[in-house]
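A quick write-up on the structure given underneath.
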Amino acid sequence: MLKTIAIIVVLLIGGVLLYAATQPDTFRIHRTASIKAPPDKIFALINDLRRFNTWNPYERKDPNLKGSYSGAVSGKGAVYAFAGNQDVGKGSVEITDSAPPHKVSMQLHMIEPMEARNNVEFTIEPRGDSTSVTWAMHGPVSYFGKIVHLFLNVDRMVGGDFEAGLANLKAVAER
């Protein structure tokens, strides 16, 4: 009986590991919101990391978050390093490209809770009297990440944060 249970457990673990190996090597998460504000106003709230952090949902997850700015004041080369609780982690974000008023690209380098380097993009498109803002993140998925993704819906978790952030951005931009 014990031998049968052990074989079943080994087969289940092997099946999970094999299935994880067949998962995509990259991920992409994105959310979009419509904001009744001009693209220039929204762009300024993203392209300046100090202003970005007035609506950034991760900044709000830890009241004791430690952060520091370096590099350019805004646009390409602006850097924000942060260290927070388990909801925020430790890492940095750097603006790698800035195309006013349509796009801001960033490199997110997470150190904790696990090492990761992902690309973050904000796309800003006028749509009549509103502006469509898309917050996207994409990057590689390690084998360990593939296993984690089998048990955690990362799109829902991070996507929920993006939705909250876009709602915060909307509230700030529409003032």
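Brief remarks follow.
- Here is the figure for segment 1-56: residues that are closer than 30 Å to K170 by Cβ and part of a helix (DSSP H, G or I) total 13.
- Scope segment 57-75; condition closer than 27 Å to E174 by Cβ and outside any helix (DSSP H, G or I); matching residues: K61, D62, P63, L65, G67, Y69, V73, S74, G75
- Segment 96-124 residues that are on the phi > 0 side of the Ramachandran plot, paired with ones that are among the aliphatic types (A, V, I, L, M) (beta carbon under 8 Å, 6 or more apart): none
- Qualifying residue in segment 116-135 (condition: outside any strand (DSSP E or B), in contact with a Lys or Arg (Cβ under 7 Å, 6 or more places away or on another chain), under 14 Å from I29 (Cβ atoms) and among the hydrophobic types (A, V, I, L, M, F, W, C)): no
- Put simply, of D62, D48 the only residue that is farther than 30 Å from F151 by Cβ, surrounded by 13 or more Cβ atoms within 10 Å (Cβ to Cβ) and free of Cβ contacts under 8 Å to residues at least 60 places away in the same chain is D48.
- Selection count, segment 77-110, where residues are assigned to a strand (DSSP E or B), within 19 Å of N53 (Cα to Cα) and not charged (D, E, K, R): 19
- Among the residues making up segment 135-146, those that are within 15 Å of L18 (Cα to Cα) and surrounded by fewer than 17 Cβ atoms within 10 Å (Cβ to Cβ) are S142, Y143, F144.
- A residue that is within 19 Å of the chain's Cα centre (by Cα) and among the polar types (S, T, N, Q) cannot be found anywhere in segment 1-11.
- Enumeration of residues in segment 146-165 that are of a type in the set (A, V, I, L, M) and either at positive phi or in contact (Cβ under 8 Å) with a residue 12 or more places away in the chain (or both): I147, L150, V154, V158, A164
- Residue in segment 140-158 that is in contact with a helix residue (DSSP H, G or I) (Cβ under 6 Å, 6 or more places away or on another chain) and assigned to a strand (DSSP E or B) present: no
- Residues of segment 54-72 that are modelled with pLDDT under 95 and over 23 Å from R31 (Cβ atoms): P63, N64.
The values are calculated or read from the model by the stated rules, or taken from the named source; none is laboratory data. On a predicted model such as this, the values are computed, not experimentally measured, just so you know. Cβ: placed from backbone, ideal geometry, glycine included. Neighbour counts: every protein chain shown.
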